[in-house]
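The numbers here are math on the coordinates, done by the rules we state, and not lab data. Computed from a prediction, not measured in an experiment: that's the story for all the values here. Glycine gets a Cβ as well: all are built from the backbone with ideal geometry, and neighbour counts include every protein chain shown.
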Amino acid sequence: MDDLEARFQELLKQWEKDTEHLSFIRADHPAYQEMIRMGMPAVPFILRELKRRPSWLFDLLHRITGEWPCPEKHAGRLCKLSEDRLRWGKDRGYIG
């Protein structure tokens, strides 16, 4: 694991710990904001997390990439939205 990925994991753990009791995404959280500032180099890390387990990190991908490859019919469906993002990442060569 390189330094950037280690930092991403540290930020992710902090964000999840601080927001686990909430029913909405806290995009204003400092750790979340720092993950956004990592930009495109963080995309493979996010996709690996989504592959490991569905989560609301697909929103983080949207904030970094500006793309939303999820059909409207999947709105609010965590697993489907995560699958859409994984397909997007595979199509663009971020993950195998």
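Remarks
- Reachable aspartates and glutamates, given that their alpha-carbon falls under 20 Å from the alpha-carbon of Lys13 and they are not under 8 places away in the same chain: Asp2, Asp3, Glu5, Asp28, Glu34, Glu49, Asp59
- What the phi angles of the stretch 34-47 give under the Karplus curve with 6.51, -1.76 and 1.60, with θ = phi - 60°, is a coupling list of 5, 5, 4, 5, 5, x, 4, x, 7, 4, x, 5, 5, 5 Hz, glycine and proline written as x.
- Charged-residue dipole, Cβ positions (Lys, Arg, Asp, Glu), the chain about Cα centre, Debye nearest 20: 380 debye
- Compared with the alpha-carbon gap, the fully stretched path from Ala75 to Trp56 is longer by 5.7 nm at 0.36 nm per residue.
- Using the rule -39500 (n - 2.57) for each DSSP H run of four or more residues, divided by the residues of the chain, the 222 nm mean residue ellipticity is -18500 deg cm²/dmol.
- Distance distribution note for the chain: the fraction of Cα pairs above 17 angstrom is 48%.
- Once backbone amide H atoms are built at 1.01 Å from N, Ile95 has Lys90 as its partners under 5 Å, excluding neighbours fewer than 5 places away on the same chain.
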